[in-house]
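Every number here is computed from the coordinates shown, using simple stated rules; none is lab data. What you see is a predicted model; the values in this text were computed from it and never measured. All Cβ positions, even for glycine, are placed from backbone atoms using ideal geometry, and neighbour counts span all protein chains on display.
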Amino acid sequence: MLCRLGFTKGVSMKKLALLGAGLAVVAVTVHAQQTPAELVKQQCASAKVTAEFWHGFTSASQQNVVNALAAEFNKTTPGQCVLPIPQGNYTDLSTKLKASFAAGKVPTMAQAFENNMALYLENDKLADLTKLGFRSNFLTKVFVKAATFNGTVYGAPFNKSVQLLFVNKDLFAKNNVKIPQTLSEMASAARELSGKTGQPAFWFTPSASTFSPIFFTLGGNYDATGKIVLNSPTAIKALDWLLDLVKDKAAKPITSGFINGQLTDTYGMSFDTSAGIPFYKSAAKFNLGITNLPGLKRGTPGTALIQGTHIVVFKDASSEQQKLGAKFLNFAMQPRNSAIFSTQTGYVPSSDLAQDTTEFKAFAAKNPDALLVVKQARYAAFEPRISDWEALRFNILETAIKEAVAGKSSAKDALDKAQKQAEDLLAGKTK
Ligand code: FGO
């Protein structure tokens, strides 16, 4: 019996609901016992050319979506196949790629943040996508710009995310507190809720991913002067905003795992990636609310950090593999495919054309959060596109945030120390 992808073994009914209506559209017709991963494996077993696509998706649902997309593409290229291979999380992925450069065993494609792209370019590893036939002229300009270095496009905006505010509507309603639209309303709401329940209402990961949207919303920019500055007055203000809430027991750090994996009745709100939408929706046992980020004034959202990755093609792959890679990227960027990917995952559609598809519109009619994602993408910014940024954001900035949140130092002391460490790293004095 043939059936739709969503009903294959290994995809639970809960996951199915999570993946949403989109899957039914992109669904590949596969055997009842075959998962998308198995189908791709089968396609690749008989292929003459295989293009490995290394990615950092760790969840079964996201892996399924990627495998289903690859399976659908592979049907259009008999004898050639794209093989998605999970490499752990994003940082595991970049670590493995760096090792693969040294070992001379580079895949055809991989996900990459902008700073990863800068690093891979320094190693002369990236292929010029336009030369390979990749079409980017219709894609969302800020994403293409982010993937463009020295006038050359090196990445396809496959899974770019923006952050949103997730809320426990029941907790707000029960305590008669309004869902905040500004950072100051958010601080008041967190204090009010926490005062009433006796539990911190605002949950956050003590990380650059939480800090950046607060910093950006307050007008901050890490490299406004062409030099990386982590301890600007705006950065100190942003960290103090967070620390004051922690001191008042209105906010609590979630130090390991995703917030969406730990939701309880006393959870009030969090900033999180739009890629988290399906996870929050399936985990919340309360009425989940999703809104744009709180801004400085009502009616204007705050500025999100754009996360998620581009897909790059590596020069060391054979010319056939590189061409196949670019073909896959064109396929993934097709408005309908990008629309369906977006509805399944919460990632931003890669073009206006994708937003205009009947698939996206039908989904958004039932899931208004899809429109919030599109709107938030107009109020969003990137972290610096320099090769050292991964180390700066995780080893230096995140450490400073954690120390301050743990009460070990003030915002100013933590960020001053981070600045010194950043300067040493950028000057090559440390690694
Ligand atoms: C994640 C990471 C970076 C960089 C930002 C960088 C490296 C951040 C942040 C650190 O694709 P996004 O929007 O969302 C992730 C996606 C794939 O895993 O799904 C999200 N997810 C997964 C499972 C789940 O239960 N809930 C959920 O939300 C997941 O967050 O990327 C956001 C989170 C982090 O990975 O801890 O991007 N990030 N800049 N990572 N290596 N380098 O420069």
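Below is a table of values for the structure above.
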| quantity | calculated |
| --- | --- |
| Partner aspartates and glutamates for K361 [C-alpha distance under 13 Å; skip if fewer than 8 residues away on the same chain] | D352, D369 |
| Cα point-scatterer Debye curve for segment 317-431, base-10 log of I(q)/I(0) at q = 0.14, 0.16 Å⁻¹ | -0.82, -0.85 |
| Surrounding net charge for S184, when Lys and Arg each add one and Asp and Glu each subtract one, Cβ distance under 15 Å | 0 |
| Relative contact order computed over segment 135-281 (Cα-Cα under 8 Å; 6+ residues apart), in percent | 33 |
| Flagged links, alpha-carbon separation over 24 Å, of K125/K160; K96/K412; K160/K237; K41/K96 | K96/K412; K160/K237 |
| Three-way shape call for segment 49-169 based on the alpha-carbon gyration tensor, with the a/c threshold at 1.5 | rounded |
| Two-site FRET efficiency, T255 against K420, from Cβ-Cβ distance with R₀ of 22 Å, rounded to 0.05 | 0.35 |
| Spatially proximal aspartates and glutamates relative to K196 (Cα-Cα < 17 Å; intrachain offsets below 8 disregarded) | D170, E185, D248, D265 |
| Nearest-0.05 FRET efficiency for E320 and K75, computed from C-beta distance (R0 22 Å) | 0.75 |
| Two-decimal log10 I(q)/I(0) for the chain, as the Debye equation yields it once each C-alpha is a single scatterer, q = 0.06, 0.07 Å⁻¹ | -0.25, -0.34 |
| Rounded to 5, percent antiparallel among DSSP beta bridges of the chain | 60 |
| Linear extension gain, K141 paired with D128, 0.36 nm per residue minus alpha-carbon span | 2.9 nm |
| Among the listed pairs K169/K366; K249/K402; K297/K402; K105/K145, those beyond 23 Å (Cα-Cα) | K297/K402; K105/K145 |
| Selection from S212, P233, S274 lying farthest towards where the dipole of segment 211-300 points positive, charges on Cβ | S274 |
| Relative contact order, percent, segment 53-102 [alpha-carbon distance under 8 Å, six or more residues apart] | 51 |
| Relative contact order (percent, whole number), the chain, Cα cutoff 8 Å, 6+ residue spacing | 22 |
| Distance between segment 250-270 and segment 346-402 - C-alpha centres, whole angstrom | 21 |
| Estimated 222 nm signal from helices in the chain, with DSSP H stretches of n ≥ 4 weighted -39500 (n - 2.57), rounded to 500 | -13000 deg cm²/dmol |
| Angle between the chain longest axis and helix 183-197 axis [Cα atoms, degrees, rounded to 10] | 70 |
| Cα gyration tensor shape of segment 121-200, rounded if a/c is under 1.5, else prolate or oblate by comparing a/b with b/c | prolate |
| Ratio of Rg to Rh over segment 276-347 (Cα coordinates, Kirkwood Rh, two decimals) | 1.14 |
| Net dipole in debye of the chain [+1 Lys, Arg Cβ; -1 Asp, Glu Cβ; about Cα centre; nearest 20] | 620 |
| Sorted by Cβ density within 10 Å, fewest first, the residues Y90, Y120 | Y90, Y120 |
| Most mobile of K285, K252, K237 in a GNM of the chain (Cα contacts under 10 Å) | K285 |
| Charge sum, other residues only, whose C-beta stays under 12 Å from R336's C-beta, Lys/Arg counted +1 and Asp/Glu -1 | -2 |
| Options N123, F138, A110, ranked by Cα towards positive dipole end of segment 105-160, top entry (Cβ charges) | F138 |
